[in-house]
Amino acid sequence: MPSSTPRPEPPYRQIVTEIRARILTGDLRPGDRVPSIREIAQRCGVAVATATRVMATLRDEGLVETKVGAGTVVSPLRQKQPAGLTTPLRPRRADVPKQALNRKQALRTAIAIADAEGLDAVSMRRLASELGVGPMSLYRHVTNKDELVTQMADKVFGELELPIPGPEGWRAKLELISRRQWELCRRHLWLPRAISFTRPLLVPNMMAHTEWTLRALDGLGLPMTTRIREALTLHALVHTVALSTADEIEAEQETGMTLDRWWLTQRKRADELLRSGRFPLLAAVSEETVSDVDGLFEYSLARHLDGFAALVEDQARTRP
C-alpha cells in the first residue's frame, strides 16, 4: 500500500520558498541585495549547482534581477502575489521573436549574462528565458553549455584586432598582445575561468592569438617547443593575474564590501601582527602596493620578459 506521507521538497525548492517569503512579506524590499549563490551554498550547506538553481528559479519568477556593481537584488514588484504561488510576477522577456533567434544573438546575450553575473549564471534555460524562446530552440545553435562557453570565449577573443606585422621587435610584440589580453580579461571577468591550458579550446579566434604570438618569435632561432611554451606561459601569466581581479570584483558584488572597506575591518588584526616585530619587512609594505593588481600585472610581465630575453641571448651565444 503506498505511503500517504508527502515527499519532502527538494533542497533548492525549500530555499526558494524561504527567500520568496522574505520578499513577499517585505523583509526584503525592492532594491535590497539577496544572498548570492556562494552565500546560499555556504549558509544552507548545498552545492553551488543547487544554489544556482535557486537563483534561476527566483529570477524566472520575476522576484530578483541583477544589477552590475550591486549583485542580485529584489525586483520592483508589479503586483501582489499570494505566498506559494509559483507563476511569474511579470512575463519573461519576449523582445526577441523566436524566428529572429540566431547563434550571434544567443552568444551576445550569453556574454551579457556572464559579464553581469558570472559564468555560473549562464545556462541554457536562463539564456532561453532572456531571449524569450523555448530552451529547445537553442540546441539548433549550440549542443550544450560547454560548447556555449567555448563559443562565448572565442567571440570575445575576436573583439581584439592584432596588427600585422605589429611593432618592431619580439619584446614589443609580446607586450602588446599581453596587454590587450589583459584589457580583454578586465572587460570580461569570467574569461579566465573559461580557458584551459591542458585542454585548449580549438576555436579560430583564440588560435589566432597563439599563432600571432608564435610569429612574434620568428627569427630568434628558438625551437618550436620553446616558442609554444613561451606562448602558453604568456597567456597563463595574463589569466592568472586576471583571476585575482575577477575574484575581488565578485567578492565586492557578493558582500557589498569594497577592498578598502575590507582592509578597514582587518586593520586591528593587521596592526597587531605587523607591530609585533615578527614581520619588519612586511610592515614596510604599503597597502596600495598589495592591492594594485594592474601594477602586479605589469611587474609580472616585465620580469617574465626579462627572463625570456636572457634565454634568447643564451640561445644566440650557444647556437652553432
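The values are calculated or read from the model by the stated rules, or taken from the named source; none is laboratory data. Quick caveat: nothing in here was measured; it's all calculated off a predicted structure. A quick note on method: Cβ atoms are made from the backbone with ideal geometry, for glycine too, and the neighbour counts reach across all protein chains shown. Protein only, heavy atoms only, side chains kept; ligands, DNA and RNA dropped before computing areas. Shrake-Rupley method; radii C 1.70, N 1.55, O 1.52, S 1.80 Å.
Observations on the model:
- Once segment 214-245 is narrowed to residues that are in contact (Cβ under 8 Å) with a residue 60 or more places away in the chain and within 27 Å of the chain's Cα centre (by Cα), the residue that is most open to solvent (accessible area, probe 1.4 Å) is Thr233.
- Test: residue in segment 140-158 that is among the polar types (S, T, N, Q), within 29 Å of Asp120 (Cβ to Cβ) and more than 19 Å from the chain's Cα centre (by Cα): yes
- Answer residue from segment 168-190, given it is assigned to a loop (DSSP other than H, G, I, E, B) and touching an Asp or Glu at 6+ places or on another chain (Cβ under 8 Å) and is surrounded by the fewest Cβ atoms within 10 Å (Cβ to Cβ) among those: Leu189
- Consider segment 115-151 and keep the residues that are in contact with an Asp or Glu (Cβ under 9 Å, 6 or more places away or on another chain) and within 22 Å of Ala41 (Cα to Cα). The one that is surrounded by the most Cβ atoms within 10 Å (Cβ to Cβ) is Gly118.
- The set of residues in segment 152-167 being among the hydrophobic types (A, V, I, L, M, F, W, C) and open to solvent by 50 Å² or more (accessible area, probe 1.4 Å) consists of Ile164 alone.
- Within the option set Val203, Val156, being over 22 Å from Glu230 (Cα atoms) and of a type outside the set (Lys, Arg) holds for one residue only, Val156.
- Screening Asn205 with (1) exposed (fewer than 15 other Cβ atoms within 10 Å of the Cβ); (2) assigned to a helix (DSSP H, G or I); (3) among the polar types (S, T, N, Q) gives one miss only, at (1).
- Residue check, Leu191 over 20 Å from the mean Cα position of the chain (by Cα) and of a type in the set (A, V, I, L, M, F, W, C): no
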